[in-house]
Amino acid sequence: MPYMMRGRGESAVYFEDDISLHKTDAFIREWNQANPGLRIDAFHVALWALRSALERNPTADRFVVGGRLYQRKGIWFSYAIKTKLETGAPLIVVKRRFDLDESFAAMVVGMQETETAYRHGKAARVEKELGLLLFFPGFIRRFLMGVVRWVDRLGMLPRAYIENDPMYASAFFANMASFGMPAVYHHLYEYGTVSIFGSLGRPVPEPGSPTSGPDRRRTMTVRWTYDERAEDGLVAWFCVRRVRQVMEDPAATGLVVETVAPDATRPLGATLDDAPLS
């Protein structure tokens with residue numbers, strides 16, 4: 001298949017899933033009451049759910065480079081965050097490793113620490129490197145990117161380059177809910193090794209549901225794009241089904257509300273799911 005379909009564009013398959021958030025919202029309310037300085041939203045649960053899906057289906061965490069199929073060592077997710085939790089703030093892309101032996105609380109704390117590092121220094125270094133690339137005229141940029149792709153096809157890119165590049169990851173997430181937008185069918189990038197793209201839409205109330213309170217019932221549409229060369233569509237569907245199972249009933253799939261020590265948290269204000277919209 002890597003020789004029949006040479007790029008991610010022609011090998012992409014698409015899935016759409018509508019996820020009921022009634023039990024998820026209850027879990028999120030309970031967590032945020034127990035941890036006011038470490039608030040979560042449905043996005044955190046979705047990341048945990050895909051990590052669980054890849055743990056159960058490790059062959060889904062593969063990628064194709066230079067016509068060869070590779071099994072990824074470790075689960076890495078990339079996603080965009082705002083530099084400030086306010087309307088109009090610029091976005092930066094975060095990449096983080098999601099280890100299988102860390103708890104949900106450790107994952108949330110680790111995400112906060114990673115995002116803080118990106119907001120206060122790491123993102124600035126990335127922007128400096130990109131600024132250096134943009135200093136050159138277009139034909140030199142194309143040449144340099146061509147060299148990167150050629151070296152990548154040979155499997156010779158340095159580990160330091162790959163580990164710091166968000167396009168070399170197991171999956172890329174777009175939290176469209178943070179912008180008040182519906183989920184989109186997103187393309188896969190030819191650059192890098194991302195074989196899964198997840199797009200989370202803004203939750204909408206179910207018919208007859210109150211707009212707020214514990215009896216509120218919401219549904220979130222999640223759309224997935226998957227590189228079929230990495231693994232067949234059936235395994236991809238197993239992952240989609242596991243994500244829905246975890247998100248629709250976190251407690252039944254092993255998630256518990258933990259109270260995190262205050263010194264491990266820093267209040268960040270509203271979560272992206274609650275960010276004001278323009």
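The values are calculated or read from the model by the stated rules, or taken from the named source; none is laboratory data. None of these values were measured; they are calculated from a predicted model. Methodologically, a virtual Cβ is constructed for each residue, glycine included, from the backbone with ideal geometry; neighbour enumeration extends over all protein chains shown. Surface areas here come from the heavy atoms of the whole protein model, side chains and all, with no ligands, DNA or RNA. Shrake-Rupley method; radii C 1.70, N 1.55, O 1.52, S 1.80 Å.
Details
- Packing order of peptides 223-231, 74-82, highest average first: 223-231, 74-82 (average count of other Cβ atoms within 10 Å over each peptide's residues).
- At an R0 of 35 angstrom, the distance between the Cβ atoms of residue 145 and residue 204 translates into a FRET efficiency of 0.30.
- Global geometry of segment 166-221, whether rounded, prolate or oblate, following the gyration tensor of its Cα atoms and the 1.5 cut on a/c: prolate
- Around the Cα centre of the chain, unit charges on the Cβ atoms of Lys, Arg, Asp and Glu (plus for the first two, minus for the last two) sum to a dipole of about 860 debye.
- Kirkwood-based shape ratio for the chain, expressed as Rg/Rh from alpha carbons: 0.97
- Segments 132-144, 192-204, 90-102 sorted - mean Cβ within 10 Å per residue, highest first: 192-204, 90-102, 132-144
- Per-residue packing, averaged as other Cβ atoms within 10 Å, sorts the ranges 235-246, 2-13 into the order 235-246, 2-13, beginning with the highest.
- Rounded to 10°, Cα long-axis angle of helix 233-248 versus longest principal axis of the chain: 30 degrees
- For segment 17-120, the fraction of 1.4 Å probe accessible surface lying on carbon and sulfur atoms is 51 percent.
- The convex hull of the Cα atoms of segment 1-120, projected and averaged over all directions, covers 10.0 nm².
- Taking other residues whose beta carbon is less than 10 angstrom from the beta carbon of residue 221, and scoring Lys, Arg as +1 and Asp, Glu as -1, yields -1.
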